[in-house]
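Reviewing the structure listed below.
The values are calculated or read from the model by the stated rules, or taken from the named source; none is laboratory data. Everything numeric here is computed off the predicted structure, so don't read it as measured data. Heads up, the Cβs are rebuilt from the backbone with ideal geometry, glycines too, and the neighbour counts pull from every protein chain shown.
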Amino acid sequence: MIASHVTPKATVLVGGKVVPLRSPTTAEIHLWGRNEPLPVQSTWCIQTGFVRSLTWDEAGELITLGIWGPGDWVGGSLSRLQPYELQCLTPVTATVITAPLDNLDSTLVLQLQQVEELLSIVRLRRVPSRLLRLLHWLTIRFGLNTEHGWMLDLHLTHQVLADIVGSTRVTITKLINQFETEGRLIRLSGQRLLITNIDQLLPIDAIDA
């Protein structure tokens, strides 16, 4: 059960910086027990204890996205992933952040979101799933929209792709050939890829190599 009490402080400590709370004028301290979830609808500043952020894959296997401690901000508003959950690893106390999120450096927020997205990809159980999701993620972030499809011009070798998804170059080459046969992509010169239909990168129906 969640308990709380009110402290007269009107600020919270975030990364060594004191950030004022807009409303209410006092910061309410919430307490959770070990293994209890933090509501992701709010943004929290952890005061004591440790929290794990996590999601799960299509098979229901949990994927740890990060471990957070005192001074860290956590909450659904800081993540793009669905599903998304916050689990207390220890007893935790935290305050609700009511100050605008503009107080956070937007670049750091973006980096955090990108790290979470990438971690969720590389922890997928099947190599074809990892590669498809990685190509989709790269296309969304870096793809150039052309009249023939989305161009990925990152000069990523099969070895680099293998390193990212935790596989081998031979397996990645085999999968790229398979995806091309299936019409998901077209290989071009200079290690470029043309994604003819980005939605075809989402289904996880390839057979593991």
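Numbers at a glance
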read-out	value
Members of segment 140-154 that are under 10 Å from Leu193 (Cα atoms) and either of a type in the set (Ser, Thr, Tyr) or touching a Lys or Arg at 6+ places or on another chain (Cβ under 9 Å) (or both)	Met151, Leu152, Asp153, Leu154
Residues that are in contact with an Asp or Glu (Cβ under 8 Å, 6 or more places away or on another chain) and either assigned to a strand (DSSP E or B) or at pLDDT 85 or above (or both), drawn from segment 184-201	Ile186, Arg187, Arg192
Qualifying residue in segment 90-100 (condition: at pLDDT 80 or above and touching a Lys or Arg at 6+ places or on another chain (Cβ under 7 Å))	yes
Residue in segment 76-89 that is surrounded by the most Cβ atoms within 10 Å (Cβ to Cβ), counting only those that are closer than 20 Å to Leu31 by Cα and at pLDDT below 90	Gly76
Positions within segment 58-96 being in a strand (DSSP E or B) and of a type in the set (Gly, Ala, Ser), in sequence order	Gly66, Gly75, Ala94
Segment 140-183: number of residues that are exposed (fewer than 15 other Cβ atoms within 10 Å of the Cβ), at positive phi and outside any loop (DSSP other than H, G, I, E, B)	0
Number of the condition not met by Arg133 [criteria: (1) of a type in the set (Lys, Arg); (2) farther than 23 Å from Ile63 by Cβ; (3) outside any loop (DSSP other than H, G, I, E, B)]	(2)
